[in-house]
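Worksheet: one structure, shown below.
Derivation of every value follows stated rules applied to the coordinates shown; laboratory data play no part. Note that the structure is predicted; figures quoted are calculated from it, not measured. Cβ atoms come from the backbone with ideal geometry, glycine included; neighbour counts cover every protein chain shown.
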């Protein structure tokens, strides 16, 4: 829930097709009355107002068809009110509906320069790219080690299948991180991300 009377700057949430929150970007601590770690595993309705929760299927459909959905979205406050922010929803991974993950980026609407509140899209983009960079380092080590192990293992066997699964899933997460980095670049006015994840 939104802290009543506060004007949060930004929040990034990933969630599954059934609405379960999988991760919350660090900025979410500033937006939510609940610690970011407490939101993981909760339904997206813990963050969004009822009217926006009902719109999620429509938003997801647009994101699947055109690469992303963008518009106004309402967040839930602890005192039962709602707070409107700018939102952008993108499909970040998975070819099967059961494997998809959605990235929902929420940002305060632009405020007067002297208000001293909120982050501009350029700053949010920079933070997202920094998060992606920090995630890429351990992922690269994990993928490299898994590849080396696979090269030294027999062509068949249960253990090889397990190591291969680790490599494939790490590669999948790396793809999600790359989309996050590309979206950060998009917010900074750099790389344009087309539907399907292609850069232009």
Net length gained if the chain between residue 160 and residue 72 were fully extended (0.36 nm per residue, minus Cα distance): 26.9 nm
FRET E, pair residue 141, residue 42, Förster distance 35 Å, beta-carbon r, rounded to 0.05: 0.70
Whole-Å distance, taken between Cα centres, linking segment 140-187 and segment 38-69: 28
At R0 = 35 Å, FRET efficiency that the Cβ-Cβ distance of residue 51 and residue 122 yields, to 0.05: 0.75
Calculated FRET value between residue 171 and residue 82, using beta carbons and R₀ = 30 Å, to 0.05: 0.15
Cα→Cβ-extended label distance, 7 Å offset, between residue 18 and residue 62, nm: 2.7
